[in-house]
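I have placed the structure first, in the form of structure tokens, so that the comments after it can refer back to it.
The values are calculated or read from the model by the stated rules, or taken from the named source; none is laboratory data. Small disclaimer: the values here were computed from a predicted structure and weren't measured. Please note: Cβ atoms are built from the backbone with ideal geometry, for glycine as well, and neighbour counts cover all protein chains shown.
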Amino acid sequence: MIESNELKILITGGTGFIGSELTNCLMNRGFHVTVLSRSPDLAKNRCGLGVNVISSFNEIKADDTFNIVINLAGAPIFGERWSDKRKIILRDSRIKFTQQLVACLSSMTIKPELLISGSAIGFYGDQCDAVLTEQSSVKSDFSQQLCFDWEQEANKAIELGIRVCLIRTGLVLGKNGGLLERMLLPYKLGLGGRLGTGQQWMSWIHRKDWIAIALRMIAEPSMQGSYNATAPNPVTNDEFNHALANTLRRPALLPLPAWLLKKLLGEMSDLVLGSQRVFPERLLAEGFEFQYPELSGALADILKK
């Protein structure tokens, strides 16, 4: 294994909630990190002045070398309603971008050893109470097709002799951002509550554990293929609701009915009303140990003053 201070890493999506923290972690460990971002000033602000920033694939020459590429690019899945126009943006920012990335890698004289490419547990579709592992069948919907096509493009790098790890990410919890940050204000005001029936499963992961998974993929040449990046103890939305309220020491008595969420969010309501009970079977089988396997411990760490 090459020493960290000799490894060159290219990260796309390096200014996001996961990417910026991962970039800082890698740089602190001595890796040489290049971030591809259309907002160079934002990248330097979030990732530190020591990071190298490029704004397009055109800046990568054939004789440039990267040992590892981490592809986290993609327009935010939460936010705007899923209009036809928004769906195109969501797909292009993942699928077309990954096509461009693999084309760039194919033009390089020396190919990277590893591509870690983002995906999501939306890959499985809405599956109610079914226990989902990397081997589970899928149920087709927009999110499922989006993730499937995204993974298919990343897997084309295998034909270039590149080891590919697909990281199917659940709800990522961490400080200063992400979905949890959006939820905090109503809960702090005592206005939180379950969504819909509250019986839908939420498969979550602490951001620190997500980064530990990526580091293990870098360190372990035997790792390849799809991995569920979720804690081993998924919870229902009602359990999540009570855990967050208890951590904040606030009541959570104002549920949002499913009909209202569907009216407010449209098809995007599938993200909060859909159910995916996902287990990280492959990670556990390969001996990965989660620092935050339980939701209560993760929330306590994130929300401590």
*Can you name the residue in the range 29-41 that is surrounded by 13 or more Cβ atoms within 10 Å (Cβ to Cβ), more than 20 Å from the chain's Cα centre (by Cα) and outside any loop (DSSP other than H, G, I, E, B) and is also modelled with the highest pLDDT among such residues?*
His32
*asked:* Looking at the range 269-299 only, could you name the residues that are closer than 22 Å to Leu191 by Cα and among the hydrophobic types (A, V, I, L, M, F, W, C)?
replied: Leu271, Val272, Leu273, Leu295, Ala298, Leu299
*Out of the range 46-86, which residues are touching a Lys or Arg at 6+ places or on another chain (Cβ under 7 Å), among the β-branched types (Val, Ile, Thr) and either assigned to a loop (DSSP other than H, G, I, E, B) or under 25 Å from Ala120 (Cα atoms) (or both)?*
Val51, Thr65
*So which pairs qualify, if the first residue must be in the range 141-165 and touching a residue at least 12 places away in the same chain (Cβ under 8 Å) and farther than 19 Å from Met217 by Cβ, the second must be in a helix (DSSP H, G or I) and of a type in the set (Ser, Thr, Tyr), the Cβ gap must be under 8 Å, and the two must be at least 6 apart or on different chains?*
Gln144/Tyr124
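Matching residues to (1) closer than 28 Å to Asn67 by Cα; (2) of a type outside the set (Phe, Trp, Tyr):
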{"residue": "Lys96", "(1), (2)": "yes, yes"}
{"residue": "Leu114", "(1), (2)": "yes, yes"}
{"residue": "Tyr124", "(1), (2)": "no, no"}
{"residue": "Ala130", "(1), (2)": "no, yes"}
{"residue": "Gln135", "(1), (2)": "no, yes"}
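Filtering the range 193-242 down to residues that are under 30 Å from Arg29 (Cα atoms) and basic (Lys, Arg), which residue is surrounded by the most Cβ atoms within 10 Å (Cβ to Cβ)? Give the steps one after another, and end with the answer.
Going residue by residue through the range 193-242, those that are under 30 Å from Arg29 (Cα atoms) are 203-233.
Add one more test, that the residue is basic (Lys, Arg), and what stays is 207-208, 216.
On the way: Arg207: 22, Lys208: 19, Arg216: 16.
That would be Arg207.
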*Among (1) modelled with pLDDT of 90 or more; (2) part of a helix (DSSP H, G or I); (3) buried (at least 18 other Cβ atoms within 10 Å of the Cβ), which single condition is Ile89 missing?*
(3)
_the range 1-14, residues that are surrounded by 18 or more Cβ atoms within 10 Å (Cβ to Cβ) and modelled with pLDDT of 90 or more_ = Leu7, Ile9, Leu10, Ile11, Thr12, Gly13
*Can you find even one residue in the range 254-261 that is part of a helix (DSSP H, G or I) and either in contact (Cβ under 8 Å) with a residue 60 or more places away in the chain or within 24 Å of Ser117 (Cα to Cα) (or both)?*
yes
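Would you point out the residue of the range 268-293, among those that are in contact with a Ser or Thr (Cβ under 6 Å, 6 or more places away or on another chain) and outside any helix (DSSP H, G or I), that is modelled with the lowest pLDDT?
Narrowing the range 268-293 to residues in contact with a Ser or Thr (Cβ under 6 Å, 6 or more places away or on another chain): 276, 278-281.
Adding the requirement that they be outside any helix (DSSP H, G or I) leaves 276, 278-280.
On the way: Gln276: 95, Val278: 98, Phe279: 98, Pro280: 98.
Only one residue tops the list, namely Gln276.
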_Selected residue (criterion: nearest to Ala219 (Cα to Cα)) from residues of the range 1-28 that are in a loop (DSSP other than H, G, I, E, B) and in contact (Cβ under 8 Å) with a residue 60 or more places away in the chain_ = Met1
